[in-house]
Amino acid sequence: MSHYAVEIDLDHANTSHVQVIDLAESNPTAGGGKRVLDVGCWTGEIGRVLTERGCTVTGIEIDPEAAGLAEKVLERVVVADLDATPLTELVEPGSFDVVIFADVLEHLVDPRAALEQTRDLLAPGGRVVISIPNITHGSVRLALLQGRWQATDTGLLDRTHIKFYSREGLLALLTEAGYAVEDLRGTTADPLAVEVSVDPALLPDVAVEWVRQQPDALVYQFQLAARPLADGETPPAPPELVEAVPADQVKHRDVHTTQFEEATRSRLATRDHILGIQASANSAQSRVGTLSKQLREAREVNRRRRERIERLRGKVAGLEADLAYANRHPVRNFVRRIVRRLRRAAQG
């Protein structure tokens with residue numbers, strides 16, 4: 001029997017099953033008594049909750065034993081392999097308000113084809129609800145830093161997973177399959193609190209806490225609701241992700257946090273010291289620039305003064321020559337002065 005059967009605790013919001021149930025029920029266009037198709041229904045736990053809340057649930061399951069248990073709580077269960085048989089051949093087109101893929105698409109050879117087929121199964125106003133693991137969760141990032149990729153029976157590195165998705169890849173898949181994502185959520189978990197094998201002792205001191213702080217590193221699984229795009233409609237921008245439990249509430253505070261904070265303080269102190277040195281250097285450089293300008297101005301003043309001194313020296317030399325001449329020829333000099341005065345008077 002399928003080892004994916006779980007018991008759903010509706011009081012624990014930080015699980016994909018609770019988020020999927022909430023998204024399935026929150027379709028505003030379908031009203032009450034929704035018709036739901038649970039693809040990969042396992043033993044029917046999600047369908048059981050939705051049935052108790054007034055929905056009519058059909059299931060599709062590849063495992064015959066699990067399907068037998070699901071039949072006890074769902075209206076109908078179809079045993080089928082979606083990689084071998086299209087959805088449109090298993091159930092009536094246009095007959096569902098909600099189609100659920102809870103941790104299923106990553107197991108399919110062609111998840112895009114399954115989503116494209118699902119558009120034909122939806123009634124007007126219907127939408128698809130999806131839960132899928134986040135391959136960029138911090139635990140996987142840390143494991144890869146250590147060169148690890150160890151498959152497990154369940155979880156992010158489930159050995160039966162065929163496809164792996166980041167947030168960007170998941171949103172691209174929905175766009176390519178012809179959907180507009182209306183609601184995007186994420187369940188959260190610390191990188192050192194899940195099933196992925198990580199040995200923090202083999203990592204640099206600050207690696208764990210640094211990874212914890214990266215986008216989507218604490219998002220364990222994505223959940224979303226999407227509607228088919230209308231003909232010719234441009235896909236709208238995806239909504240902001242809403243965490244089932246804020247990442248800060250699930251993030252551990254441990255020795256890795258302390259190491260990171262100490263390294264951050266040291267780095268900031270070094271940065272401040274460097275900035276202080278740079279500020280002093282900039283101030284000194286500015287002062288050098290001012291002094292250089294003053295030096296250039298002083299040199300220019302001195303140059304003009306030297307030129308003036310040279311001109312004055314020339315005049316003094318001329319006067320000395322005139323004086324010497326006058327001393328040697330007093331009469332001639334007197335006559336010349338009279339002539340010059342007469343000429344100036346005539347010109348005036």
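Being on the phi > 0 side of the Ramachandran plot and either open to solvent by 10 Å² or more (accessible area, probe 1.4 Å) or of a type in the set (Lys, Arg) (or both) is the filter here, so list the residues in segment 30-69 that pass it.
The answer is 31, 33, 40, 42, 54.
From (1) without any contact (Cβ under 8 Å) to a residue 40 or more places away in the chain; (2) open to solvent by 20 Å² or more (accessible area, probe 1.4 Å); (3) under 34 Å from the mean Cα position of the chain (by Cα); (4) within 16 Å of residue 129 (Cβ to Cβ), pick out the condition that doesn't hold for residue 21.
(2)
Which residues, counting only those in segment 229-248, are open to solvent by 40 Å² or more (accessible area, probe 1.4 Å) and in contact (Cβ under 8 Å) with a residue 60 or more places away in the chain?
Result: 235, 238.
Let me confirm something: among 181, 198, which residue is of a type outside the set (Gly, Ala, Ser), surrounded by 19 or more Cβ atoms within 10 Å (Cβ to Cβ) and more than 17 Å from residue 225 (Cβ to Cβ)?
On the way: 181 fails: more than 17 Å from residue 225 (Cβ to Cβ).
Matching residue, one of 181, 198: 198.
Which residue, of 171, 224, is part of a helix (DSSP H, G or I) and either buried (at least 19 other Cβ atoms within 10 Å of the Cβ) or among the hydroxyl-bearing types (Ser, Thr, Tyr) (or both)?
171
Can you name the condition, by its number, that residue 144 falls short on among (1) open to solvent by 50 Å² or more (accessible area, probe 1.4 Å); (2) in contact (Cβ under 8 Å) with a residue 12 or more places away in the chain?
(2)
Does residue 217 satisfy the criteria of being assigned to a loop (DSSP other than H, G, I, E, B) and exposed (fewer than 13 other Cβ atoms within 10 Å of the Cβ)?
Working: assigned to a loop (DSSP other than H, G, I, E, B): yes; exposed (fewer than 13 other Cβ atoms within 10 Å of the Cβ): no.
Judged against the criteria, residue 217 is not a match.
State whether the residues of segment 93-108 include one that is within 34 Å of the chain's Cα centre (by Cα) and open to solvent by 30 Å² or more (accessible area, probe 1.4 Å). Quick ask: steps written out before the conclusion?
Start the filter on segment 93-108 by keeping residues that are within 34 Å of the chain's Cα centre (by Cα), which leaves 97-108.
Retained after the next criterion (residues that are open to solvent by 30 Å² or more (accessible area, probe 1.4 Å)): 107.
Among the residues of segment 93-108, at least one is within 34 Å of the chain's Cα centre (by Cα) and open to solvent by 30 Å² or more (accessible area, probe 1.4 Å), which makes the answer yes.
Which residues, counting only those in segment 75-87, are surrounded by 20 or more Cβ atoms within 10 Å (Cβ to Cβ) and over 12 Å from residue 39 (Cβ atoms)?
Those that are surrounded by 20 or more Cβ atoms within 10 Å (Cβ to Cβ) and over 12 Å from residue 39 (Cβ atoms): none in segment 75-87.
Please determine, by comparing only the residues of segment 198-242 that are acidic (Asp, Glu) and within 27 Å of residue 21 (Cβ to Cβ), which one is nearest to the chain's Cα centre (by Cα).
Initial filter on segment 198-242 (acidic (Asp, Glu)): 199, 205, 209, 216, 231, 233, 240.
Filter once more, so that each one left must be within 27 Å of residue 21 (Cβ to Cβ): 216, 240.
Numbers: 216: 8, 240: 12 Å.
So, considering only residues that are acidic (Asp, Glu) and within 27 Å of residue 21 (Cβ to Cβ), the one nearest to the chain's Cα centre (by Cα) is 216.
Return yes when residue 21 is closer than 23 Å to residue 242 by Cβ, among the β-branched types (Val, Ile, Thr) and modelled with pLDDT under 95 and no when it is not.
Details: closer than 23 Å to residue 242 by Cβ: yes; among the β-branched types (Val, Ile, Thr): yes; modelled with pLDDT under 95: no.
No.
With (1) of a type outside the set (Asp, Glu); (2) surrounded by fewer than 22 Cβ atoms within 10 Å (Cβ to Cβ); (3) within 19 Å of residue 163 (Cα to Cα); (4) in contact with a strand residue (DSSP E or B) (Cβ under 8 Å, 6 or more places away or on another chain) as the list, and residue 90 as the residue in question, which single condition is left unmet?
Looking at each condition in turn, residue 90 falls short on (3).
The values are calculated or read from the model by the stated rules, or taken from the named source; none is laboratory data. From a predicted model like this one, the values you see are computed outputs, not experimental measurements. Glycine gets a Cβ as well: all are built from the backbone with ideal geometry, and neighbour counts include every protein chain shown. Remember, those area values only see protein heavy atoms, side chains included, never the ligands or the DNA or RNA. Shrake-Rupley method; radii C 1.70, N 1.55, O 1.52, S 1.80 Å.
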